[in-house]
1. Using per-residue counts of other Cβ atoms within 10 Å, averaged over each peptide, order 2-10, 67-75 from highest down.
2. Using the beta-carbon distance between Glu82 and Leu23 and R0 = 35 Å, what value does 1/(1 + (r/R0)^6) give for FRET efficiency, to the nearest 0.05?
3. What's the FRET efficiency of His110 with Lys2 using the Cβ-Cβ distance as r and R₀ = 35 Å, to the nearest 0.05?
4. Could you list which residues have their amide H under 5 Å from that of Lys72, counting only those 5 or more apart in sequence or on another chain, with H placed in the peptide plane?
5. What's the local net charge at Lys150, with K and R +1, D and E -1, over the other residues with C-beta under 10 Å away?
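What follows draws every value from the coordinates through simple rules; no lab data is involved. Since the model is a prediction, treat every value here as computed from it, not as a measurement. Glycine also receives a Cβ, built like all others from the backbone with ideal geometry; neighbour counts cover every protein chain displayed.
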Amino acid sequence: MKKEIIGNCTLYLGDCLDILPLLHKPNVVITDPPYGMNFVSNRRKEKYDKIENDNSTDIAKTVIDWSIKNAKNSVYAFGRWENIADYPKPKSVITWVKNNHGAGDLCHEHSRQTELIFFYPCQNHSWGGARPTDVVYADRTGNINHPTEKPELLMRKIIGWTNGTLILDPFMGSGTTGVACVQTNKHFIGIEINEKYFDIACKRIELELAQGDLFREAV
């Protein structure tokens, strides 16, 4: 296990199943676990590494169960419609409209332009502002940093739905949730098992903090 502290962000390199029992209880968990689809991207010249533990949804379910029991405010977990049967039953299912045509069965399936976000309110749940709808719009990224990278705008919107200052992402990937936490003045804990993406996350968060410092100095 490796630990890096960058501003208000604490990043762990390692298996989240080993690290989660060591952590203080977060206010909110926002995460994008493996979907159990053995994802491989063939749509770009760059060929990404396979996503760790993406051969089943067992780890995702274990982590979501832990999050529901331990988060104080709420849990948001990304997934596909196929995951509904595998995950704990959510209170709401939010549809993210991402303005692109996704992959899938090109001959016998409608082209996918959405992903799902499963919402679980916890013991002390309250909204961060007005009650949000179950549809959110944010254009997808170009997946420069990670094969399933989420847009910063989307993560800021989700953070805005929540109350509490400490956000946990057990499947941090390239650190988009952490970058959004820096942008919204939240404390962040991120865990990533892949060293390549862990290093990318550290660099992205360091850069975001540096840009914020430059802005404050300019003001």
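1. Order by mean packing, descending: 67-75, 2-10.
2. Working: r = 29 Å, r/R0 = 0.84.
Plugging the Cβ-Cβ distance into 1/(1 + (r/R0)^6) gives 0.75.
3. Numbers: r = 43 Å, r/R0 = 1.22.
After rounding, the FRET efficiency stands at 0.25.
4. Asn27, Val28
5. Summing Lys and Arg as +1 and Asp and Glu as -1 gives -2.
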